[in-house]
Amino acid sequence: MSETYLDALKIRNEVFVKEQGISYSLEVESPLDEAMSIHFVLYNDANKACGTCRLLPKENSTSAILQRMAVLSEERGKSYASLLLDEAIQFASSHHIPEITLHAQISAKGFYDKTGFEPSGEIFEEAGIQHITMHKTV
């Protein structure tokens, strides 16, 4: 396993497991999804891993799912989530993936609205947290 991937797991453990109370087994539910995903990790000027997300391309490559967006609590408010999202979108665009879908926690919906994602469907519960599906053409 790469150090970058391990840094992503540490951030996800801190944010999703410790902070939000999601079980680790649910957080890292599918080894295949982990292996097939492109993992992004943002490092600050001190080379500390501060945020992460992953992009899981669908088999037909007509879309990808953005998942596991997390920024450490002490690093929030520094536009790190925006930088991660921009990188994921640029990656999708450069690899001819025309659409990104995500399940936004309701508390993060406004962030994704500002970046051009559009909600679809009804609010649903995932891991005990309310979410909504959102899409963006890249």
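Just so you know, all these numbers are worked out from the coordinates, no wet-lab data involved. These numbers come from a predicted model, not from an experiment. Cβ atoms come from the backbone with ideal geometry, glycine included; neighbour counts cover every protein chain shown.
Side notes on the structure shown:
- Annotation: for a label point projected 7 angstrom from Cα along Cα→Cβ of I123, residues of the range 79-105 with backbone N closer than 16 Å are 103-105.
- Volume per residue that the Cα convex hull of the chain spans, once the total is divided by residue count, Å³: 112 Å³
- Over 20 Å (Cα to Cα) - which of K10/K48; K58/K136; K78/K136; K109/K136; K78/K114 fall in this group: K78/K136
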